[in-house]
Amino acid sequence: MGLPPDAWKAASVALLALMFVGAGVMHFVRPRMFEAIVPPSLPWPRTAVLVSGVAEIAGGVGLLVEPLREVAGWALAAMLLAFLPVHVYMLREADRFADLAPRWALWARLPLQFVLVGWVVWAATP
């Protein structure tokens, strides 16, 4: 016997909220690490890091507020897709980021990003 579908969704919402809030907080705790992975084609890396940190925190908290959950889920899904250029940049410059992640992990992140998008949308929609 497994958990009922509603329990899986509730657990997913809680876990995703924790993940996004935690990731967002890290943007303020270790901003230089995140600035290093911002593609050079984007202006103002510090601003991009701080704005994305706020967005992750807001989205994670929004998942916990039922009237906001669906909007927060779609916003987080859009943000995850917007982060794809960062993942591609890191993969293209894998040697530069070897201390952060091995090349295989950078490759794995690309399809996993779409899995995460699907998980967020599934958990956030009624």
Problem - the stretch 1-59 and the stretch 90-126: distance between their alpha carbon centers, rounded to Å - result: 13 Å
Fill in the blank from the handout: For the chain, whose charge dipole is built from +1 on Lys and Arg Cβ atoms and -1 on Asp and Glu Cβ atoms, the candidate among Gly24, Val115, Ser41 with its Cα farthest towards the positive end is Ser41
Exercise for the section: Output the DSSP H helices from the chain with an along-axis C-alpha extent of no less than 18 Å and a mean Kyte-Doolittle hydropathy no less than 1.0. Expected result: 5-29, 45-64, 103-124
Handout entry: Debye, to nearest 20: dipole size of the chain, +1 on Lys, Arg Cβ, -1 on Asp, Glu Cβ
Key = 240 debye
Fill in the blank from the handout: Order by accessible surface, 1.4 Å probe, largest leading, for residues Met90, Met26 comes to Met26, Met90
Handout entry: GNM flexibility winner over the chain from Leu42, Leu64, Leu80 (Cα, springs under 10 Å)
Key = Leu42
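How long are the three semi-axes of the equivalent ellipsoid for the chain, computed from the Cα gyration tensor as the root of 5 times each eigenvalue, in whole Å, largest first? Mind showing how you got there, number by number?
Numbers: eigenvalues 151, 58, 28 Å².
They are 27, 17, 12 Å, listed largest first.
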Completion exercise
With every protein chain kept in place and a 1.4 Å probe, the residues Leu3, Leu81, Leu91, Leu18 fall, from largest accessible area down, as Leu18, Leu3, Leu81, Leu91
Completion exercise
Per DSSP, the loop-located trypsin sites (Lys or Arg not before Pro) within the stretch 34-126 having at most 12 other beta carbons within 10 Å are Arg96
Exercise for the section: May I ask you to list the residues of the stretch 19-61 whose amide nitrogen lies under 20 Å from a point 7 Å from Cα along the Cα→beta-carbon direction of Leu3? Expected result: 19-23, 60-61
Fill in the blank from the handout: Here the relative contact order (percent) of the stretch 1-121, from C-alpha pairs under 8 Å and at least 6 apart, is 25 percent
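The values are calculated or read from the model by the stated rules, or taken from the named source; none is laboratory data. Predicted, not measured: the structure shown is a model, and the values here were computed from it. Note: ideal-geometry Cβ built from the backbone for every residue, glycine included; neighbour counts use all protein chains shown. Side chains are part of the model used for accessible areas, which takes the heavy atoms of the whole protein and leaves out ligands, DNA and RNA. Shrake-Rupley method; radii C 1.70, N 1.55, O 1.52, S 1.80 Å.
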